[in-house]
Amino acid sequence: MAEDQWLTYRERETSDDDFDRDLHTEHQILNMGPSHPATHGTVKFLIELDGESIVDLDIQVGYLHRGFEKECESGSWYQCIPYTDRLNYNSAILANLGFCLGVEKLLGLETPERCQWQRVMGSELSRLADHLTRCGAACLELAAMTPFLYGIQARELTWDLTEALCGARVTTNYIRIGGVKHDMPAGFPEQCRDHIARIRELLKDFDAVITANRIFIDRMRGTGVLDKERLIAFGVTGPLLRAAGVPLDVRKDEPYLTYAELDFDVPVGEVGDNYDRYLVCVEEMHQSLRIIEQCLERLEKLGPGPVNVLDPRVRWPAKGRVFNHMEELIQQFKAVTEGPMVPAGEAYSVVESANGELGFYLVSDGSAVPVKVRCRPPSLLNLQPMPEMLKGCLLADIIPTFDFVNMIGGECDR
Amino acid sequence: MPVRVVKVKRHENLGFLERLYVPMIVKGFATASRHFFRNMRGFITGDRTDFVVQYPEERVDYADAFRGMPVLVALDNGQPKCVACGLCEFACPTDCISILPGELAGSGIERYPEVFDIDMSRCMFCGLCEEACPEEAIVLSRECEISTYERGAMNFHKEQLLVPEHLLKRRLDFLRAEYDRQSAPAGKS
Amino acid sequence: MEDFGSAALRRLLDAHGDAVTATHAQHGDATAVVERARLPDALHFLRDDPECAFQMLTDLCAVDHLEQDGNPRFEVVYHLYSLEKNHRLRVKVGVPEDDCTVPSAIPVWPGANWLEREVWDLYGIRFDGHPDLRRLLLYEEFEGHPLRKDYAKERRQPLVGPEN
């Protein structure tokens, strides 16, 4: 009886490649997500597994698609700004900035200096919050709860600063076409310096607990590696590419706003594994803190001044006069009901967001409604080579790799 | 400008002790204990250093610039300051405001909103209505805890939205300081 | 045709001048409009030429111009970036409504894969030679292509799963 079974089994499994395998078994398909505790983001992985190692990986995105571009094409240019908040919920100011720089490029506007410094400061606060979330969440998903709490505490401090600056912690709606919503509040530099000192202290604790920890290193080192030529061909930017040793940073290569006057370094890694990505992110946080301090210094030296361009095409009239003067009142009605008219043309603006190059490709036909608002999402392009990074790795390596690819659903799926 | 590139420092070669996990465990304990004892001392002496707020009992004070739910400013006679011009309706990206203007004979202000509804389930607190308003009649309050048991109750009517001016002082002061700053350097714009 | 001071555009005009139908440099972004049939040649040249060296495809998207006299309705737009030379170029190709196909850019840049799937998903433009042209953001049962201007914003579709 037993011998019969053996024979039928051998008869069934007689293909040539079957004899090359160690075990006469099939690959397993595993569905991971769309909602999984180890992925902070709604994404589905279809994983083909040979035991513990990954043979193939298919990533399915789009669970957070809300029609950002369609929505933008039905409102005025002003009404797009709150929607850009919702792209990357960690670093909303960077998305605000990318969009507004694009519209300013179409209009040919140059913003006042004070506004530029505030924009830089806001975008660095955003970058800081994004990196803190990324590193903190990565620790949490690798089962290290303590550093996560330090990271989140530091992020709360940056969000406190964002709230004082913009009026909201996450959905900032701060940058306007040709300026910012309002000047920074009185007492902001003192609060900011105090918080920066506390963030530095927390980063020190974060570093002490995790960076040289063998458990952490074992999970991170040598996982998710892809060589830089391949990353470039896939259009990967940001900390992922810098960790592979390519010092590509839009802030340095094509300086926008006042980045050319600032003193900061670009951290790069050597190998391009997750450990390098972590180290690059931590170093970038320290650089961001340096930039914020420089911005505060420059803002204090600059003294009070306008934070908006005095261009009637985009600037709503000064409120104090709208209440009492007929002319401004009419102008206000015109500005709100029509919205800014942007000259016909196309422009591509680019900022260095926390995930990489965030581009906005805007097309206008000369009316108040955009023809096309295309957001070039760094998350989407960074996520794309992930199957290639992970082929041959273990199932558990998905988690640190996905954490440092840092796919943000809102930005990836728009 | 030459790009100054710094190479990150990897902990490649772990020493014997480090490979034993021991020093990091001790270091981790030390760091966590330091936080714990500092917070406990603060708790006993009353000079709190911990970060967590016991929410419903304790609340944090939001910044001056904080944007909460939009409300209507009420005049002393209880009537809204709003003149139902509809600019906020135009400015709103999510179309959550609906206004029906009415006529009020015999008072100083002849136009008023007969119906003023804000669908709070769609409102995203962006503040464009406040920026558009030419009468300082709709402002963002400091209230942000608006949850209801039914969806229909999220549609706030005029009576629910009216807030007397003195309760909105902090927001109005913040806005007025901004107007002054705007018009100080160049009044013409 | 004018090169607007862009070295990459000059090289492209010298090598494939007959494929380029128009150039402009609005707001400092050098742009070349390329014939659809010659697109793969042009893209290969732009990547491999040492003076151009566009190793990175930063973005690929489509634009729907709906009503335009004589011009094709859709436009597929490629944004290229060169790390070595630190310059950018925009390549555009017109796509008529009755023949919505464009040669795929995956042989040139593998990163074009998802971007082309997204354009197919939202605009319904097919990419010849794409190995796996599925919808990217929406689900397979979705009808129509929502970023086309004639797709009404108010239109609702039930979210259906695969039949099983």
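A few points about this structure:
- Orientation-averaged projected area, Cα convex hull of the stretch B:70-180 (nm²): 7.1
- Using the 1.4 Å probe convention, the accessible area of the stretch A:99-154 works out to 22 Å² per residue with neighbouring protein chains retained.
- Taking label positions 7 Å along the Cα-Cβ direction at both C:ASP48 and A:ASP263, the computed distance is 4.8 nm, reported to one decimal.
- For the pair A and C, the buried accessible area comes to roughly 3600 Å² in total, with a 1.4 Å probe and the value rounded to the nearest 100.
- Shielding value for B:44-51 is 1, the average number of Cβ atoms from other chains within 10 Å of each residue's Cβ.
- For A:PHE323 and B:ALA105, the FRET efficiency from 1/(1 + (r/R0)^6), where r spans their Cβ atoms and R0 equals 22 Å, is about 0.35.
- The helix-only estimate of mean residue ellipticity at 222 nm for the protein assembly as shown, built from DSSP H runs of length n ≥ 4 each weighted as -39500 (n - 2.57), is -12000 deg cm²/dmol after division by the residue total.
- Candidate residues C:TRP114, C:TRP120: accessible-area rank, largest first, probe 1.4 Å: C:TRP120, C:TRP114
- Column: log10 I(q)/I(0), Debye, Cα scatterers of the protein assembly as shown, q = 0.07, 0.08 Å⁻¹: -0.56, -0.73
- Solvent-accessible heavy-atom area per residue, rounded to whole Å², over chain C at 1.4 Å: 44
- Acute angle (nearest 10 degrees) that the helix A:188-210 long axis makes with the longest principal axis of chain A, alpha-carbon atoms: 10
- Shielding of A:163-171 by partner chains, average beta-carbon count, 10 Å: 6
- Here the spin labels are modelled as points 7 Å beyond Cα on the Cα-Cβ line, and at C:ALA37 and B:GLU12 they lie 5.6 nm apart.
- Subtracting the Cα-Cα distance of B:GLU57 and B:ALA30 from 0.36 nm times their residue separation leaves 6.5 nm of extension gain.
- Cβ-derived FRET efficiency at R0 35 Å, A:SER35 paired with B:GLN160, nearest 0.05: 0.50
- Neighbours of A:THR171 by Cβ distance under 10 Å: Lys/Arg scored +1, Asp/Glu scored -1, total +2.
- For A:CYS295, net neighbour charge (Lys/Arg +1, Asp/Glu -1) across residues whose Cβ lies under 15 Å away: -1
- Once backbone amide H atoms are built at 1.01 Å from N, B:LEU162 has B:LEU72 as its partners under 5 Å, excluding neighbours fewer than 5 places away on the same chain.
- Surface composition of chain A: carbon plus sulfur atoms hold 53% of the accessible area, using a 1.4 angstrom probe and ignoring ligands, DNA and RNA.
- At R0 = 45 Å, FRET efficiency that the Cβ-Cβ distance of A:GLN60 and A:GLU113 yields, to 0.05: 0.45
- Translational diffusion of chain A, µm² s⁻¹ [Kirkwood Rh, Cα pairs; Stokes-Einstein; 25 °C; 0.890 mPa s]: 106
- Packing rank of B:165-171, C:8-14, where each peptide gets the mean count of other beta carbons within 10 Å, highest leading: C:8-14, B:165-171
- Long-range HN-HN contacts of C:THR101 with modeled amide H, under 5 Å: C:ARG126
- Shielding by other protein chains, A:322-329, mean Cβ within 10 Å: 3
- Magnitude of the charge dipole, the stretch B:70-180, Cβ model with Lys/Arg +1 and Asp/Glu -1, debye to 20: 200
- Amide H contacts of A:LYS372 (H built 1.01 Å from N, under 5 Å, at least 5 apart or other chain): A:VAL363
- Nearest-ten-degree value, helix B:22-45 long axis tilted from longest Cα axis of chain B: 50
- Placing pseudo-labels 7 Å out from each Cα toward the beta carbon at A:GLN28 and B:ARG122 gives an inter-label distance of 4.8 nm.
- Label reach from B:ALA153 (point 7 Å along Cα→C-beta): in the stretch B:113-143, amide nitrogens under 17 Å belong to B:118-122.
- Residue among C:GLY70, A:SER123, A:HIS36 farthest towards the positive dipole end of the protein assembly as shown, charges placed on Cβ: A:SER123
- Once the chain from A:LEU395 to A:ASP218 is taken as fully extended at 0.36 nm per residue, the excess over their C-alpha distance is 62.3 nm.
- Sorting the segments A:104-111, A:382-389 by their mean number of nearby beta carbons within 10 angstrom, highest to lowest, gives A:382-389, A:104-111.
- Summed buried accessible surface, chains B and A, 1.4 Å probe, nearest 100 Å²: 5800
- Taking a point 7 Å from the Cα of B:ARG170 along the Cα-to-Cβ direction, the residues of the stretch B:48-85 with backbone N closer than 15 Å to it are B:58-69.
- Averaging the Cα positions of each part gives two centres, and for the stretch C:24-87 and the stretch A:293-339 these lie 38 Å apart.
- Of all accessible heavy-atom area on the stretch B:70-180, the percent that carbon and sulfur account for (1.4 Å): 52
- Among A:ASN324, A:PRO378, A:CYS281 - extreme Cα towards positive end, dipole of the stretch A:278-414, charges at beta-carbon: A:ASN324
The values are calculated or read from the model by the stated rules, or taken from the named source; none is laboratory data. Note that this is a predicted model, so its numbers are computed, not measured. As a convention, Cβ positions derive from the backbone with ideal geometry for all residues, glycine included, and neighbour counts pool all protein chains shown. Calculation scope for accessible area: heavy atoms of the full protein, side chains included, ligands and nucleic acids excluded. Shrake-Rupley method; radii C 1.70, N 1.55, O 1.52, S 1.80 Å.
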